[in-house]
Amino acid sequence: MKPITLDSRHYRFLLDSLVAVSAMHDYKAPVFLQLTGFDQVQASGLQLTRSPGKTLVYLGSLMLVLGIILMFYVREVRLWVRVRAGSVRVAMTSNRHNRDLDNDFARQSDAIKQLARGA
């Protein structure tokens, strides 16, 4: 549709309609509706579906939950060993520093020193 031309007749209609809409709260409703009866109708339905990929979705959900659990309860430890002529450097880091890390580092570095002496 083409746009309405804005002449005095359309402009006056626009203003009258805006005034009428804003004044609707001042007047009562012209029609009174009242419920005289009610018949309740009940229905039920049964839907059958086939989801061939649901086992893959359940497996992915299970793996996601296990990954989150492992992320919180399994400690990631990294051990670096640098061997040069006559010297060995050992470094160890973890995503969670606790008291066991120092004991693990001492145990691992002692084991590496014993291997270096035996070789």
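Among the chymotrypsin sites (Phe, Trp or Tyr not before Pro) within the stretch 2-103, which fall in a DSSP loop and have no more than 12 other Cβ atoms within 10 Å of their own Cβ?
Working: sites: TYR11, PHE13, TYR27, PHE32, PHE38, TYR58, PHE72, TYR73, TRP80; in loops: TYR27, PHE32, PHE38.
Counting only loop positions with at most 12 other Cβ atoms within 10 Å, the chymotrypsin sites (Phe, Trp or Tyr not before Pro) in the stretch 2-103 are TYR27, PHE32, PHE38.
Just to confirm the filter: which trypsin sites (Lys or Arg not before Pro) across the stretch 1-107 are DSSP coil and have at most 14 other Cβ within 10 angstrom of their Cβ? Before the final figure, lay out each step's value.
Values: sites: ARG9, ARG12, LYS28, ARG50, LYS54, ARG75, ARG78, ARG82, ARG84, ARG89, ARG96, ARG99, ARG107; in loops: LYS28, ARG50, ARG75, ARG96.
Here the trypsin sites (Lys or Arg not before Pro) that fit, given the DSSP loop and packing criteria, are LYS28, ARG50, ARG75, ARG96.
Scan around MET92 for amide H atoms under 5 Å from its own, H built in the peptide plane at 1.01 Å from N, and keep only partners 5 or more places away or cross-chain.
When sequence neighbours closer than 5 places are left aside, the close amide H contacts are TRP80.
As a test of the formula, what do you get for the chain when each DSSP H run with n ≥ 4 contributes -39,500 (n - 2.57) and the sum is divided by the residue count, at 222 nm and rounded to the nearest 500 deg cm²/dmol?
That comes out to -15500 deg cm²/dmol.
How large is the Kirkwood hydrodynamic radius of the chain, in angstrom, based on all distinct alpha carbon pairs?
25.2 Å
Distance between Cα centroids, the stretch 4-45 to the stretch 69-119: provide it in whole Å.
Centre-to-centre (Cα) distance: 79 Å.
Quick one: length gained pulling LEU18 to ASP39 fully straight, 0.36 nm per residue minus the C-alpha distance? Intermediate results must be reported in sequence, preceding the final value.
On the way: separation 21, 0.36 × 21 = 7.56 nm, distance 4.05 nm.
Extending this stretch completely gives an extra 3.5 nm.
Please report, ordered by residue number, every helix of the chain (full DSSP H runs) that is 24 Å or longer along its axis going by C-alpha atoms and whose mean Kyte-Doolittle hydropathy reaches -1.0.
Helices meeting the span and hydropathy rule in the chain are 54-73.
Read-outs: derived from the displayed coordinates by stated rules, not from any lab. The model shown is predicted, which means the values in this text are computed figures rather than measured ones. Heads up, the Cβs are rebuilt from the backbone with ideal geometry, glycines too, and the neighbour counts pull from every protein chain shown.
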